[in-house]
Every structure is written in C-alpha cells, then in structure tokens.
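The values are calculated or read from the model by the stated rules, or taken from the named source; none is laboratory data. Just so it is clear, the model here is predicted, and its values are computed rather than measured. All Cβ positions, glycine included, derive from the backbone under ideal geometry; neighbour counts span all protein chains shown. To get the accessible areas, we keep the full protein, side chains included, count just its heavy atoms, and leave off ligands, DNA and RNA. Shrake-Rupley method; radii C 1.70, N 1.55, O 1.52, S 1.80 Å.
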Amino acid sequence: MSSTEQTPSGTEQTPRPARLAAAAGVNLVEALGLLAGGVYMLVRALADGGDVTSGVTGGVTVIALGLIPLAAARGLWTMRSWSRGPAVITQILALPVAWQMLQTEGVIPFGIVVAALAVAGLVLLVNPATTEALGIRRPGRES
C-alpha cells in the first residue's frame with residue numbers, strides 16, 4: 001500500500017491519520033447529540049402546549065448549533081484545513097456546558113460524557129499529526 005491515495009480528481013492526497021478520523025468522530029457524536037436534543041426540545045414544546053414560542057426557538061437554536069460540529073466533522077473527514085477552527089470552537093464551548101451539567105443533579109453522567117468528548121476532541125485537534133494532515137503549519141515553520 002502506498003503512502004498516498006488518489007482522489008477522484010486524480011491528485012494525490014496523504015492518508016487520513018487515525019487521530020484525524022477520531023476527531024471527526026468526536027465532532028459527529030457531538031453534532032448528533034445536539035441535533036437529537038434540538039428535535040427533543042421541539043417535540044416537547046409542541047406536545048406540552050406550554051410556552052411554545054420559547055420551546056420552538058430553543059429547539060431550532062440547538063439544531064442550528066448542531067450543524068456546526070456536523071460541518072466540522074465532514075471537513076475533518078475530508079481533510080479540509082478550514083474545519084479545524086469550528087471543531088476547536090465546538091470543543092471549547094462544550095467545556096462550560098459540561099461544567100454546568102456536572103453541577104446539576106440528574107444530568108451528571110451526561111456532563112461527564114460531554115467533558116470527556118470535549119477534552120478528547122481538543123487533544124486530537126492539536127495533535128501534530130492532525131495539524132500536518134490538514135496542512136496547517138506550526139508557527140515559525142516554513143515549507
């Protein structure tokens with residue numbers, strides 16, 4: 001097996017490091033969690049009949065936020081350098097969410113999962129193999 005792969009356009013592309021694939025997976029899991037949570041909020045708002053406006057607004061907002069890590073996951077999987085920014089921002093924003101969940105009775109296990117995903121995602125995204133595969137140069141390096 002060669003060290004490079006051919007893309008459909010005929011250009012050579014380096015193979016996807018396992019860390020980059022794992023980072024894409026972390027972002028995909030987070031995206032699916034946000035999308036599921038948003039749909040849940042929408043359904044609950046419409047079924048309860050309480051404050052529908054707030055429930056729908058919250059649900060739509062959470063769904064929209066879920067599209068960010070979804071796009072980042074796809075970009076990481078296809079090795080696009082732009083995808084690292086939204087992926088890192090997603091992980092940084094997940095940390096205070098995890099902290100709040102860890103302080104709330106009944107959702108502590110979810111807080112642990114969110115915190116673990118965020119920390120793992122950050123570690124994977126700043127890994128030199130990941131940044132190199134995305135074509136991101138470290139400061140002070142020329143090439």
Between helix 52-77 and the chain, what is the angle of the helix's C-alpha long axis to the longest principal axis, kept within 0 to 90° and rounded to the nearest 10?
10 degrees
Between 0 and 90°, nearest 10: helix 108-126 axis offset from the chain longest Cα axis:
20 degrees
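Summing -39500 (n - 2.57) over the DSSP H runs of n ≥ 4 in the chain and dividing by its residue number, what mean residue ellipticity at 222 nm do you reach, to the nearest 500 deg cm²/dmol?
Details: 5 runs with 101 residues, N = 143.
After summing the helix terms and dividing by the residues of the chain, the value is -24500 deg cm²/dmol.
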Evaluate the distance, in nm, between pseudo-label points positioned 7 Å from the Cα of V88 and of D48 along their respective Cα→Cβ axes.
3.8 nm
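Set the Förster distance to 30 Å, then compute FRET efficiency between N127 and T104 from the Cβ-Cβ distance, nearest 0.05. Before the final figure, lay out each step's value.
Working: r = 32 Å, r/R0 = 1.06.
The pair N127/T104 has a calculated efficiency of 0.40.
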In degrees rounded to 10, the 0-90 angle between helix 84-102 Cα long axis and the longest Cα principal axis of the chain is 40 degrees
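Please calculate how many Å² of accessible area the chain carries per residue, with a 1.4 Å probe and no DNA, RNA or ligand atoms counted.
Numbers: 8980 Å² over 143 residues.
For the chain, the solvent-accessible area averages 63 Å² per residue.
Using a 1.4 Å probe over the heavy atoms of the protein chains, calculate the carbon and sulfur portion of the accessible area of the chain as a whole percent.
Details: 5990 of 8980 Å².
With neighbouring chains kept in place, the figure for the chain is 67 percent.
Can you give the alpha-carbon Rg of the chain over 2.2 N^0.38 Å, where N counts its residues?
On the way: Rg = 18.2 Å, N = 143, 2.2 N^0.38 = 14.5 Å.
Ratio of Cα Rg to 2.2 N^0.38 Å: 1.25.
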